[in-house]
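Trainee: Attaching a single structure in structure tokens format; questions to follow.
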């Protein structure tokens, strides 16, 4: 299996299935039907692609998008990038700042926008708040920018096809001179490129200008005068837990009005994990 064959399998797993779980099952079934040497080929190409994604700039991209900075989170982010297919992977590895062009990343931003919405007055008081209660989290698992299980399919397929332990597959990959960059837990296994401080705003703007602009990062933030802030307003006569969805509006005279939008159905309560009666 050459690199073209590897990407053909990865992308076919997308077109043949509709969910992540179904995709994993398809990949395992497909690979387990191949000769053992081809499974090794697949794992070699997967490892080489993941090594290419292990750079300091892509590590910064992972932190900016997911908010997670552990080496494991970055590893699973790289797995997710590979799962998106050859075109998207090559685009981001070649220029990490183009990550915002990926349809999968644009979908994440849309999910974030629709999950929570707040509008405030100039002094920071809540004018309108709407929280989406149709899903548990900002990003459903199906779209989350990590895909750890994607890296396990070759090992499971190898065990099914040969009856041998996955460690034999790892030895076969290393015998071809391919070393795994992940997990980078020692100074001898680090992301590629020059290490830099992700908290250095000027460096972030220099290396990833589009990403920095998207998240509102500036080199010299303008100091704004302190504004009086209040905690999220909640009327005393309303319970802070229950089975109703509330919205609040502020009138021209500053009076805040509460309005019950609707009652949560039993299905709503089960979906978002509410356990009160």
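Trainee: When the residues of region 108-131 are narrowed to those that are closer than 30 Å to residue 46 by Cα and crowded, with 16+ Cβ neighbours inside 10 Å, which ends up modelled with the lowest pLDDT?
Mentor: So, considering only residues that are closer than 30 Å to residue 46 by Cα and crowded, with 16+ Cβ neighbours inside 10 Å, the one modelled with the lowest pLDDT is 111.
Trainee: Have a look at 55, 14, 19 and point out the one that is farther than 14 Å from residue 154 by Cα, in contact (Cβ under 8 Å) with a residue 24 or more places away in the chain and in contact with a strand residue (DSSP E or B) (Cβ under 8 Å, 6 or more places away or on another chain).
Mentor: When all the criteria are applied, what remains is 55.
Trainee: With respect to the numbered conditions (1) more than 30 Å from residue 163 (Cβ to Cβ); (2) buried (at least 17 other Cβ atoms within 10 Å of the Cβ), which one is the sole condition not fulfilled by residue 43?
Mentor: Failing condition for residue 43: (1).
Trainee: Something else: Mind listing whichever residues of region 180-214 are part of a loop (DSSP other than H, G, I, E, B), in contact (Cβ under 8 Å) with a residue 40 or more places away in the chain and surrounded by 12 or more Cβ atoms within 10 Å (Cβ to Cβ)?
Mentor: 180, 181, 182, 183, 184, 191, 193, 196, 198, 208
Trainee: Any chance region 223-245 includes a residue that's surrounded by 10 or more Cβ atoms within 10 Å (Cβ to Cβ), modelled with pLDDT of 85 or more and farther than 30 Å from residue 71 by Cα?
Mentor: Checking region 223-245: not a single residue is surrounded by 10 or more Cβ atoms within 10 Å (Cβ to Cβ), modelled with pLDDT of 85 or more and farther than 30 Å from residue 71 by Cα.
Trainee: Okay, moving on. Cβ-Cβ distance below 8 Å, separation of 6 or more or different chains: which pairs start in region 88-107 with a residue that is modelled with pLDDT under 95 and end on one that is surrounded by fewer than 16 Cβ atoms within 10 Å (Cβ to Cβ)?
Mentor: Going by the 8 Å Cβ cut-off, the qualifying pairs are 107/143.
Trainee: Something else now. Conditions: (1) surrounded by 13 or more Cβ atoms within 10 Å (Cβ to Cβ); (2) within 20 Å of the chain's Cα centre (by Cα); (3) more than 18 Å from residue 75 (Cα to Cα). Residue 156 meets all but one. Number of the miss?
Mentor: The one condition residue 156 does not meet is (2).
The values are calculated or read from the model by the stated rules, or taken from the named source; none is laboratory data. On a predicted model such as this, the values are computed, not experimentally measured, just so you know. A quick note on method: Cβ atoms are made from the backbone with ideal geometry, for glycine too, and the neighbour counts reach across all protein chains shown.
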